[in-house]
Amino acid sequence: MKKLLLIVARECRMRFRRPSFWVLTLLVPLLLAALYALPVVAAHRAAEPTTVLVVDQTGLFADALPPTPTVDYRSMPSVDHALRQAADNTFVLYIPLRETTIPHDAFLLYQGATPSPEVRNTVEHHLQQLLRNAILEDVYHLEPSVYHSVEATHISLHTQDAATGRESYLAVKTVLALVLAALLVLAVVVFAGQTMRAIQEERQNRVAEIVATSVRPLQLLAGKMIGVATTAMLQLALWIALTATAIAGIQAAAPTLFDQAQARHEQRSFATKGEAATAQYDTPVALVDQTVEGLAAIRLPLVAGAFALLFLLAFLLYGSLIAAVATRLDTEAEPLQWTLLLASPLLLVLVLLPIALRQPAGALAMALTFVPFTAPAALIARLPFGLPAWQFAAGSILLALFALLAIVLAARTYRRNLIK
């Protein structure tokens, strides 16, 4: 045990002494916090309004198009005159007069830079709304406000657990499952690749041969794996803690900015039709409130604990196999390519997950859960969908047994290939 602890301590010290460990530990939380804050800040940045010069031969739209903070309309007598007046960030909307009384097409003309999708969608929405209002009034003699109030009415279908009454939030859980599985696979590949590089370096400077002569192969391999896993878990914990601290600091620095974004997230309804939908174009960030509610409904501490356990077991399984293979490779071999090849079962899970999550308790999901080489990603992906405790326990136990078996089998070749 003493020799095992010495090897673990040596592996930890080696990684703690590397500047890259601390640079990544500090840099990744800052990047994650920036990914959180930049969209909100960019959404509140005052955008320069786009000018649309309107040439309307029908007489239905020119004076009725409502200006917005992003689009400003101006009437023009002809297309040629409008094109001469057009400058940067200015476009020409041409609505020709056809033989029919109802116009069927319009043209957004540009010179140089093309209009953004937001501008195009805003203009198209305004045209469709005005045309619909004109048809309602002139043809059907209906008040547009009455029609819009009926059209904006909708019914929400909620999927709830019959026993607890909890909402399922299937869309949120699906996205979270894919993200968690991708993060777990990425973490295993990254830290397993570090193990392969470390073994190659030790073979090159012959440190591993010296250590292998004084300890048993199982102790040597287990100590190396536990040491790398310890630093990996510590780095992941620091990433979570520092990211939360950075986000809290950003929110404290600009509370008004993020309070407005949170208020938009917590709206109970979101208009998708009728006059109320026009306000969508004036809203910088338009997110459905179910995203926030769905994340709040998930027991994140349970997910975090399961993620840590599955990552540890997956790393011990794949790390042991990669360490055994690394002792047989030339020092010039590319560690990332071999790591991706050996971790291909986990990558296969990412490909099959969109299909498996259509039926989280189906045959494909069950098969991925109980195959040890695919179990880590499958278990963490199924967890938000209410994975039965016995399935999580059975999958984890099988994964742990195979990880232990991989360490024992890898240890038999580890010392033999190091000492020649």
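Overview of results
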| read-out | value |
| --- | --- |
| Residue ID - modelled with the highest pLDDT, chosen from residues in the stretch 163-204 that are surrounded by 15 or more Cβ atoms within 10 Å (Cβ to Cβ) and among the hydroxyl-bearing types (Ser, Thr, Tyr) | 174 |
| Among the residues listed as 374, 339, 369, the single one being in contact with a Gly (Cβ under 7 Å, 6 or more places away or on another chain), assigned by TED's automatic domain parsing to the domain that holds residue 190 and modelled with pLDDT of 90 or more | 369 |
| Residue within the stretch 85-93 that is charged (D, E, K, R) and not in a helix (DSSP H, G or I) present | yes |
| Lone qualifier among 132, 120, 98 - being among the basic types (Lys, Arg) and either part of a loop (DSSP other than H, G, I, E, B) or assigned by TED's automatic domain parsing to the domain that holds residue 236 (or both) | 98 |
| Residue within the stretch 147-161 that is assigned by TED's automatic domain parsing to the domain that holds residue 56 and on the phi > 0 side of the Ramachandran plot present | no |
| The lone exception for residue 79 - which of (1) surrounded by fewer than 16 Cβ atoms within 10 Å (Cβ to Cβ); (2) at pLDDT 85 or above it fails | (1) |
| Considering residues of the stretch 45-89 that are in the same structural domain as residue 102 (by TED's automatic domain parsing) and among the basic types (Lys, Arg) only, the residue nearest to residue 137 (Cα to Cα) | 74 |
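The values are calculated or read from the model by the stated rules, or taken from the named source; none is laboratory data. Here the structure is a predicted model, which is why all the values come from computation and not from measurement. Note that each Cβ is placed from the backbone with ideal geometry, even for glycine, and that neighbours are counted across all protein chains shown.
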